[in-house]
Each structure stands twice: as structure tokens, then as C-alpha cells.
Amino acid sequence: MPHTDMSEREQLSARLEQANRQLLQSEKMAAIGQLAAGVAHEINNPVGYVYSNLQSLETYLGDLFRLTDAIDSADSVADLQSIKRNIDYDFIRTDLGDLLAESREGIERVRKIIAAMKDFSYVEDEAFKLANLHQGIETTLNVVNNELKYKAEVVRDFGDLPDIECILSQLNQVVMNLLVNAAHAIEGFGRITIRTRQDNDQVILEVEDNGKGIAEEHLTRIFEPFFTTKPVGKGTGLGLSLSFNIIEKHNGRMDVHSTPGQGTCFRISLPVRQPATEDKP
Amino acid sequence: MIKIQLVDDEANILSALKRLLRPQGWEIHGFTDVEEALGSLREHNYAVIISDYQMPTADGVTYLQFAKQRQPDAVRLVLSAHGDRNSMIKAINQAEVYRFLSKPWDEHEIVAAIKSAIDLHLLRAENRHLLKQVQHQQTLIRAREQELLRLEQENPGITRVMRDDDGSVLLDDDEPR
């Protein structure tokens, strides 16, 4: 009897684990869906000017070829010089450098956004690995930049951190949740501070905003699944509860301090190394 | 000289547009800062104002609404990377924009849009100029008519000229020389 009991319980807990994973993935997808419109905007800007610059480049090349083609056909050097003046050669020459540099910058930005999206959508990456938390934060900032830049100035107050044993894509998701929440809490234009510190065998990560704060009666409920104060369609009510689960899975702690009208600070502490006994089978 | 104002929080967008529009020979002023753009409305008269939709300090529609108050004659265009329905409705209803252009843009499309905006601007200016001229002429005519009426009242018949069959002017013999 106890034997079947055990296997049933094991089966149930395996199913629960599976359901949790699915929930995590769907929350991630929902969050990404919300961000997608913003990301499109973020990509359309650089694509916009790179595309425009290519059209200008085409005009410049047409002009330059007019000059080089004339080398064979022109009667005199004076003719060539007059074409050169005509096409505003000096301007083209100086502007080409800027055109290329700005376009390269645009492509680089698109590349970064795509790479960040990819970092985010990893599904199978479930193993604990040594990773650089700051790198994860930067990736996340790339993804949510569009949500943030019209709402707040982002201040990075980073300490020296060792690589920590974690599932970075999941921590990214936690950071994303906190950043997006922070932006939503700000009315008008505010400030979001991301702070990192090492504290012995722990690392501390804080995300602080100067937004409207969380009402005291909500403070005890924010980690509950499906609890949200956002309007329908804006939030799933799962972000913080899943974040909490992720941090728990990392044997860390997450707590919150908030003063209505002044702002909110989420504080996460994570062990640098995962305890050996807690390692996944 | 036709002056055009560009407002976008991204400097690279401004330089790409300036580059693309340079052959047109317009004077182009680019601003990444909304406050500065607003300030320049005091110093320059623009034919066309093109604004980004989403910017950190103020959105494009709000800016264009301000611009409309300060320079109602400048034709307003939005250049946006964000083509959702709400933003278009806002742009049309609140800022009364002439065109809603999207990023990435096409040279022909943007040049054609600006050219037609300039045409509209010039047409409106000409309209206003002609209206002023007509009003001025009407006041002149009215003043002249009133003067004639006054003369006629003082000296009935003075505004009428009597002519002979061959066209020569007849002077009344009673009239003192």
C-alpha cells in the first residue's frame, strides 16, 4: 500500500512540476507578446535610417560614377573639375563616413535586439550554469528598453559580482518582470535604479523605482498567482508569482519594500553557489 | 527659402532625413529635443513640421498640437515607427496632421509627401494673401462709394456727367466758372 501511495505522489508531483513549467513558459510568451509591439518600434527606428541611408548612398554612388566615367570621356581636366564641383564632391566625401558609421550603428542595434530576444526565448535551457548576472541584466535591458525609455531613466549601480550558479534565462525573466512593473508604476517620467552587490556568499540584486508605490493591503498579495492591479489585458497576474518561484528554485530570497507615493524596491538575494544537496537529479 | 522642421529623439534619423532631402534645396532644421524644437518656432516660420510619434519627453501628437497653436500655417506630418490605429486616430483628430508616414520610409514617398505639404502651405499662404488683397480693395471701393454719396448729397447731380451726342461733356451754364 505505501508503495503505490508513493508512486502516485511521485506521479502527481511530476505532473505538478510539468504544469509549473508550462505556466512559466506561457507567462514568458505572454510577456514577450506584450513586448513585441515595443520591439517592432525599437527595430523600425534603426531599420528606418539605415534604409534611408542606403537610398542616399545610391545617389552618392551615381554621382561618383558620373565623375569616374567622365575620366575617359572628358576633354580636359577642367571638365572633370567642373563635374566634381557639380556633384558636391567634398560634401559626399565627408558625409560618406558619417553615413556608414551611423548605418553600422543601426545594424548593430538591430543585431543586439534580436540576440536579446533569442536569449529570452530559450525553452530547454534548464540547467544551472555559472553565468554573469550583469550580462543577463544588459540583455534584459535591451529587450525592455522600449518599455523603459519613455518612462524612466535607468541607473546602473553595479558592484563587483562573481559569476553565479543559476539558470540565467530564468533570472532574465525575473529582472524583466521587475523592470516592466517598475515602468508601469511610474506616472510621467521617473527613475529606475538597478543595484548589484556581493554579500559574502550571496549576491544582492535590487530594482528600485520612484513610482507610485504599492498600497499596504496589496503588499502581502503581490506574489499570489493571478493577483494584479493592472487593467484587464495589461498584466497576467503571474509575473511576480513566477518570479518568486524562480528565485525560490535558485535557493534565493525575494522581498519588497514600498512606500506609496515614493516608490518600490524589490530585493533579491541569490547564493553564488547552489547547495550540492539541492542539485537537480 | 522653404524651411522644414524635423523632430525625432534619435539623431541618426535626423541625419538620414537631412541627407535624403538635401538635393531638394530646402532649409532643414533637426531637433532631438522637443523643448528646443518648440523654441525655434518663435524664430522661424516653417512650411512643414515632421515629428516622430513616440519620444521620451512628449509624444509627437502633443508636440504638433503645440506647434499648431504657435504656427497654424505650418503643415504637420507624423513619421512613426508605430503604426497602430490609436496613434493614427490621435494624430488625425488631435494634431490634425496632413500625412501619417511610417518608418522605414521610402525616398519617393517622403519627398512626395513633403512636396505636397509645401504646395498646400504655399496655396494657403497665397489664399490668405489674396483674401487680404480683396479685403483691402473692398475697403477702398467702399470709401470711394461713400465719398460719392456724400458729394451727391451736397451737390445733387455732381456725380453724373452730361454728354452731348458726339460725346463732349456739357457744362451747366448756371454753374459758376
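Apply 1/(1 + (r/R0)^6) to the Cβ-Cβ distance of B:E36 and A:V110, taking R0 = 35 Å, and write down the FRET efficiency to the nearest 0.05.
0.80
Which residues in the stretch A:153-182 have a backbone N closer than 19 Å to a point placed 7 Å from the Cα of B:N86 along the Cα-to-Cβ line?
A:180-182
Gap in Å between the Cα centre of the stretch A:83-102 and the Cα centre of the stretch A:6-20?
68
Taking all pairs of different Cα atoms in the stretch A:159-281, averaging 1/r and flipping that mean, what Kirkwood radius in angstroms comes out?
15.1
Mind checking the angle between helix B:107-154 and chain B's longest principal axis? C-alpha axes, 0 to 90 degrees, to the nearest 10.
With both axes taken from Cα atoms, the answer is about 20 degrees.
I'd like the orientation of helix B:34-43 relative to chain B: the angle between its Cα long axis and the longest Cα principal axis, in ° from 0 to 90, rounded to 10.
20
Report the one residue of A:A276, A:Y89, B:H108 whose Cα lies farthest in the direction of the positive end of the charge dipole of the protein assembly as shown (charges on C-beta: Lys and Arg +1, Asp and Glu -1; origin at the Cα centre).
Working it through, the farthest residue towards the positive pole turns out to be A:A276.
Write down the percent of antiparallel bridges among all DSSP beta bridges whose residues are both part of the stretch B:45-177, to the nearest 5.
In the stretch B:45-177, approximately 10 percent of DSSP beta bridges are antiparallel ones.
Pick out, from A:I107, A:N177, A:M6, the residue whose Cα sits farthest towards the positive end of the charge dipole of chain A, with +1 on the Cβ of Lys and Arg and -1 on the Cβ of Asp and Glu.
A:M6
Mean Kyte-Doolittle of at least -0.5 plus a Cα span of 30 Å or more along the axis: flag which DSSP H helices in chain A meet both, please.
A:2-73, A:89-121
Tell me the angle of helix B:60-70 to the major Cα principal axis of chain B, expressed in degrees between 0 and 90 and rounded to the nearest ten.
The two axes meet at around 20 degrees.
May I ask which of A:K112/A:K149; B:K3/B:K68; A:K118/A:K212; B:K68/B:K103; A:K129/A:K149 have a Cα-Cα span longer than 21 Å here?
The pairs that break the limit, which is 21 Å between Cα atoms, are A:K118/A:K212; B:K68/B:K103; A:K129/A:K149.
Could you work out how far apart the two model spin labels at A:D160 and B:Q137 are, taking each label as a point 7 Å from the Cα in the direction of the beta carbon, and quote it in nm?
For the pair A:D160/B:Q137, the computed spacing is 8.6 nm.
What's the Cα-based Rg to Rh of the protein assembly as shown, Rh via Kirkwood?
1.25
Per the Kirkwood treatment, what hydrodynamic radius in Å, one decimal, follows for chain B from the mean inverse distance over all distinct Cα pairs?
Every distinct Cα pair counted, the radius reaches 19.8 Å.
Each reported figure results from applying straightforward, stated rules to the coordinates on display, with no laboratory input. Since this is a predicted model, take the numbers as computed values, not measurements. Backbone-built Cβ (ideal geometry, glycine too); neighbour counts: all protein chains shown.
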